[in-house]
Amino acid sequence: MAPQPSSTTTRADLPKPYHEGLELLHAFYGFDDPENEDDHLAMAVDFRRDTTRLVIFNFALAIEDVLKSLLYYRLNTSRAVTAAATKRYVQDMGTHDAIALAARLKIVNKDLYRSLVDLNRLRNKAAHEWLLDSYRVVRLGAGSKRKRTYRLEWLGTRLTPERMKHEFIPFYGDVYLTLFAAFIRRRFPAERGSRSARA
């Protein structure tokens, strides 16, 4: 997760890479160019949309990486297949297939499986659709009532910046930590046992 300023730390005090990242984004969107001032609102909308896209991509990639590591350790038990071949097999696996296999091997439970499927769906939307804030109006049943359906929805409602901050990021942060803790237990079983013995 990105570092958050403490009550005594301002953004100006954050490390150099933070400021380099902001400068890169400002250069990309043209915020530093005085000739683009009339376009700042449109660029700011693009900036907000692409930041949402970035958060989704980062969670999807980080979680996929640790999930495939768990699959590797579960599958790398056969003498007939080398460790290198198992690693290639897992790394070449599509995300949807990796999630399904993890569920079948009981690496993830039903709820976690659904959360991973939802994240993968959002990642695919963010990767293949440009205007993530747009919506279409759909008719509900035979009546005249209509509803806006946004391109980017999570758990049935629009994924706004506020929902990203207060719901999506904490939720998938916990998902990542859950899987990473399982990976650590799998990767270092002897070390975990020795700590328990010393205790």
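I'd like the residue in the stretch 62-79 that is among the small types (Gly, Ala, Ser) and at pLDDT 95 or above and, out of all such residues, is surrounded by the fewest Cβ atoms within 10 Å (Cβ to Cβ). Filtering the stretch 62-79 for residues that are among the small types (Gly, Ala, Ser) and at pLDDT 95 or above, the one surrounded by the fewest Cβ atoms within 10 Å (Cβ to Cβ) comes out as ALA62.
For residues that are surrounded by fewer than 14 Cβ atoms within 10 Å (Cβ to Cβ), part of a helix (DSSP H, G or I) and among the charged types (D, E, K, R), tally how many sit in the stretch 21-47. Total satisfying the criteria: 4.
Kindly evaluate GLU64 against the criterion of being on the phi < 0 side of the Ramachandran plot, part of a helix (DSSP H, G or I), under 25 Å from the mean Cα position of the chain (by Cα) and in contact (Cβ under 8 Å) with a residue 24 or more places away in the chain. So GLU64 fits the description; yes.
With respect to (1) exposed (fewer than 13 other Cβ atoms within 10 Å of the Cβ); (2) in contact (Cβ under 8 Å) with a residue 24 or more places away in the chain, the lone exception for PRO17 is condition (2). Checking ILE107, ILE99, ILE56 one by one, the residue that is surrounded by 10 or more Cβ atoms within 10 Å (Cβ to Cβ), assigned to a loop (DSSP other than H, G, I, E, B) and touching a helix residue (DSSP H, G or I) at 6+ places or on another chain (Cβ under 6 Å) is ILE107 and no other.
The values are calculated or read from the model by the stated rules, or taken from the named source; none is laboratory data. What you see is a predicted model, and the numbers here were worked out from it, not measured in a lab. Glycine also receives a Cβ, built like all others from the backbone with ideal geometry; neighbour counts cover every protein chain displayed.
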